[in-house]
Amino acid sequence: MLIGRMKPLSLLRRRSSRISASNTEPHPSLVEAYHGTHLHLDPRLLSINPIKSPPISPRFSESIASNRPNSSNSFLSLLHSCTDVLALGKIHGLLIVRGLTQNLQLQTKLIGSYGTFGKLECARMVFDSIPDPDLYSGKVMLKWYIMNERYMEAIGFYTCMRQRLQEQDNIVFSLVLKACVKLLDLDEGKKLHCHITKVGNPDCFVLNVLIDMYAKCGDMECARRLFDEIQERNVVSWTSIIAGYVQNDYAEEGFVLFNKMRWACVEPNEYTIGSLLTACSALDSLHQGKWIHGYMIKDGMGVDSFLGTPLLNMYVKCGEVTDARSIFDELCDADAVPWTAMIVGYTQMGYPVEALKLFSDEKWTGIVPNSVTLASALSASAQLKDLNLGRVLHMLGIKLGLDEYAAVMNALVDMYAKCCAILEANYIFERTSPKDVVTWNAMIAGYSQNDLGYEALIFFNQMRSDGCLPDAITVVSALSACACLGALYIGSCFHVYAVKCAFLSNIYVCTALLNFYNKCGDVMSARKVFDEMRDRNTVTWCAMMGGYGMQGDSIGSIDLLRKMLKEDLQPNDVTFTSILSTCSHTGMVDEGQKYFDTMSKHYDIVPSMKHYACMVDMLARSGKVEEALEFIERMPMQADISVWGAFLHGCRLHSRLEFGEVAVKKMMELQPETPDYYVLMSNLYASDGRWDEAFKIREVMKEKGLIKLPGCSSIGMDNGLHSFALKDMFHRHGNTSPNFKVFSEHMVQ
């Protein structure tokens with residue numbers, strides 16, 4: 001009777017095969033025929049489009065035809081050897097024909113097979129068609145939801161399981177908790193915790209998963225309470241709570257628990273060590289990091305890619321780039337992760353050349369850069385101000401399809417801005433959407449670093465109007481712009497903003513405030529900021545010394561140096577730049593010479609171009625022009641613009657025009673396309689009455705098409721900043737010019 005009723009069904013199958021591939025709805029007559037056979041098949045299963053699936057293997061078809069499976073064991077064997085979804089559909093059809101759809105073992109295996117091919121809708125339909133599913137079939141369905149990253153559906157399916165099944169076990173709980181972790185769904189996690197408690201006493205395995213869930217969802221209070229309730233804590237329990245504290249920025253508490261773990265005689269595993277290395281990176285604790293590295297060696301833990309990357313990051317964050325490179329070289333099977341970490345480390349620690357060498361090393365040509373790698377390489381080219389290299393990296397990003405990533409776009413804005421390509425930076429900035437605080441910071445910092453302070457402050461206002469909240473880095477760049485403009489009132493407003501936002505704990509903000517007040521001539525305010533700082537580094541001390549130097553207070557500057565040395569802070573090249581600058585501004589030639597010699601003899605600091613420029617400035621300012629020129633000629637390197645500029649300044653102060661002419665000619669040789677030096681030369685001739693030569697220089701400028709940009713000044717008025725260019729008649733406050741005219745007439749009288 002069954003065979004007779006199936007005959008028209010096979011005809012309907014053949015008719016349905018002519019349905020268009022785009023039509024996913026089953027034919028009504030086909031659905032009715034299946035219902036008529038009483039074979040309990042969900043109609044939605046008939047909507048599977050076989051055209052999109054790969055063809056069935058001929059060998060597999062022969063296997064089905066030759067074996068003619070009838071028993072559940074033979075079908076289990078077929079399902080086990082099934083290699084494509086179309087063959088799976090054929091086996092499913094045979095199960096229906098043979099009347100074996102009520103076999104729970106076969107149905108469970110069918111669920112797993114559909115899950116293997118990612119057909120979770122079909123797997124769920126099979127599960128729903130089981131009259132009395134058991135716990136195992138439910139776990140199979142739940143497992144495939146998790147493995148296919150369908151976490152919301154996994155939580156929904158668990159709710160369905162609770163309605164259809166009276167029992168759940170620890171495996172079910174752990175799977176659903178994993179879904180809560182992936183979704184960071186603390187509410188669902190707490191509901192599940194309540195249900196676990198009602199069911200009975202959870203074992204250590206489930207409690208560990210619960211601790212992990214609470215920690216990753218940011219609720220360390222509940223995580224710690226659970227941890228304290230566990231009577232017999234194993235290494236997983238300790239590792240879960242330590243990792244939780246580290247991930248939630250409580251690295252010190254993580255170390256406290258690690259010590260308690262050792263007192264409890266529980267040996268850490270590689271996951272514990274990985275979390276502790278991350279904690280060392282967060283705390284900049286090199287001593288602890290080296291101890292953990294020693295423990296790894298003693299315990300026989302190899303430096304593989306799992307522990308190698310956090311160990312490398314730890315050394316980088318603690319400033320030990322050489323040790324980080326040694327770890328990197330130990331990694332035999334280094335992949336993109338440690339390679340990128342090493343490039344990022346070089347860039348962040350100010351080694352752009354090494355970063356780019358590693359990026360372009362032929363040894364790593366098999367590794368494709370990701371967005372983080374490319375962003376770091378762009379940052380390295382920005383540090384070198386190498387525009388051509390930056391453009392090459394930009395083209396590489398376009399080729400790899402990475403140019404639309406937020407990190408890469410922000411790095412591009414930063415690179416173009418720092419390389420003085422403001423138009424290109426602005427173009428990338430306008431294309432970036434949405435613009436985050438990093439994007440705005442890159443643009444504001446770019447304008448500030450290119451002495452375009454007014455434009456930087458305009459961008460700051462646009463940032464606020466756009467609804468983007470400034471951070472500490474924004475304030476640093478804005479203060480730099482105010483220092484460039486001498487805008488004391490606006491800068492003091494940023495100081496108030498920094499206090500309001502609790503940014504004064506940031507050492508970079510405090511250092512920027514020091515530089516701002518010093519450049520505006522307000523040394524008293526700068527010293528107040530300096531004295532209120534909780535943490536000071538060498539850069540901070542140098543900034544304050546530089547402020548005293550700018551005001552000609554050599555006593556204050558040298559007194560600070562002595563206090564700095566008493567605090568066991570090692571002076572660096574910047575420290576001696578500040579001291580030499582102070583000696584130059586105050587005419588302390590002998591003291592300056594002494595510090596210049598001390599720098600190399602006692603501190604092994606090789607003098608840089610800045611140090612030589614300070615020495616030349618000091619000698620020329622004091623009238624020792626011939627001695628300054630001899631000093632330049634004895635330099636171990638070719639003098640640059642800064643050195644000759646310092647020499648020229650001294651020549652003009654003491655009217656030594658013959659030496660000034662030498663300086664300007666050297667500057668014109670170094671930068672022949674810069675109009676400022678031609679103007680300097682012309683003015684020098686004019687001041688000596690050599691008008692013919694002055695006019696000749698102006699003619700040369702015209703022939704070369706060199707035009708000096710008009711001068712521009714800024715003035716604070718009505719709590720705002722206003723810029724006035726030379727012969728500017730279009731400013732909105734231009735009507736005040738008659739008053740200045742009257743004032744100037746009185747001055748003449």
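The values are calculated or read from the model by the stated rules, or taken from the named source; none is laboratory data. On a predicted model such as this, the values are computed, not experimentally measured, just so you know. Neighbour counts are summed over all protein chains in view; Cβ atoms, including those assigned to glycine, are modelled from backbone coordinates with ideal geometry.
The table below gives the values:
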| quantity | calculated |
| --- | --- |
| Test: L257 is touching a residue at least 24 places away in the same chain (Cβ under 8 Å) and among the hydrophobic types (A, V, I, L, M, F, W, C) | no |
| Where a residue in region 443-455 is in contact (Cβ under 8 Å) with a residue 24 or more places away in the chain and its partner, wherever it lies, is among the basic types (K, R) and assigned to a helix (DSSP H, G or I), with Cβ under 7 Å and at least six apart | G446/K418; Q449/K418 |
| From A380, A336, A341, A375, residue being of a type in the set (G, A, S), under 23 Å from L307 (Cβ atoms) and modelled with pLDDT of 90 or more | A341 |
| Hey, E252 surrounded by fewer than 21 Cβ atoms within 10 Å (Cβ to Cβ) and not in a loop (DSSP other than H, G, I, E, B) or not | yes |
| Residue ranges of helices (runs of 4 or more DSSP H) in region 526-593 with at least 2 members over 38 Å from the mean Cα position of the chain (by Cα) | 554-566, 573-586 |
| In region 529-557, the residues that are surrounded by fewer than 20 Cβ atoms within 10 Å (Cβ to Cβ), closer than 21 Å to I605 by Cα and aliphatic (A, V, I, L, M) | V539 |
| Looking only at region 597-627, and only at residues there that are surrounded by fewer than 20 Cβ atoms within 10 Å (Cβ to Cβ) and in contact with a Pro (Cβ under 7 Å, 6 or more places away or on another chain), the one that is nearest to V643 (Cα to Cα) | S600 |
| Residues (surrounded by fewer than 21 Cβ atoms within 10 Å (Cβ to Cβ), among the small types (G, A, S) and on the phi < 0 side of the Ramachandran plot) located in region 653-690 | A686, S687 |
| Selection from region 115-159 of residues that are over 23 Å from I96 (Cβ atoms), of a type in the set (D, E) and touching a helix residue (DSSP H, G or I) at 6+ places or on another chain (Cβ under 7 Å) | E153 |
| Candidates G300, G289, filtered to the one that is farther than 30 Å from L400 by Cα and at pLDDT 90 or above | G289 |
| Extreme residue, nearest to I507 (Cα to Cα), among residues of region 526-540 that are free of Cβ contacts under 8 Å to residues at least 24 places away in the same chain and out of contact with any Leu (no Cβ under 7 Å at 6 or more places or on another chain) | D531 |
| Top-ranked residue of region 459-477 - restricted to ones that are farther than 15 Å from C501 by Cα and in contact with a Phe, Trp or Tyr (Cβ under 7 Å, 6 or more places away or on another chain), ranked as surrounded by the most Cβ atoms within 10 Å (Cβ to Cβ) | F459 |
| Residue satisfying condition, being among the β-branched types (V, I, T), buried (at least 21 other Cβ atoms within 10 Å of the Cβ) and part of a helix (DSSP H, G or I), within set V316, V392 | V316 |
| Residue satisfying condition, being buried (at least 24 other Cβ atoms within 10 Å of the Cβ), out of contact with any strand residue (DSSP E or B) (no Cβ under 8 Å at 6 or more places or on another chain) and at pLDDT 90 or above, within set Y497, Y427, Y416, Y405 | Y416 |
| D323 over 22 Å from the mean Cα position of the chain (by Cα) and modelled with pLDDT under 90 | no |
| Hey, S642 at pLDDT below 90, surrounded by fewer than 23 Cβ atoms within 10 Å (Cβ to Cβ), over 29 Å from S687 (Cα atoms) and out of contact with any Ser or Thr (no Cβ under 7 Å at 6 or more places or on another chain) or not | no |
| Qualifying residue in region 557-572 (condition: in contact with a Phe, Trp or Tyr (Cβ under 7 Å, 6 or more places away or on another chain) and among the β-branched types (V, I, T)) | no |
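For (1) part of a helix (DSSP H, G or I); (2) surrounded by fewer than 18 Cβ atoms within 10 Å (Cβ to Cβ); (3) touching a residue at least 40 places away in the same chain (Cβ under 8 Å); (4) among the β-branched types (V, I, T), each residue gets a yes or a no:
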{"site": "Q102", "(1), (2), (3), (4)": "no, yes, yes, no"}
{"site": "Q107", "(1), (2), (3), (4)": "yes, no, no, no"}
{"site": "L110", "(1), (2), (3), (4)": "yes, no, no, no"}
{"site": "A123", "(1), (2), (3), (4)": "yes, no, no, no"}
{"site": "Y136", "(1), (2), (3), (4)": "yes, yes, no, no"}
{"site": "V140", "(1), (2), (3), (4)": "yes, no, no, yes"}
{"site": "C160", "(1), (2), (3), (4)": "yes, yes, no, no"}
{"site": "F173", "(1), (2), (3), (4)": "yes, no, no, no"}
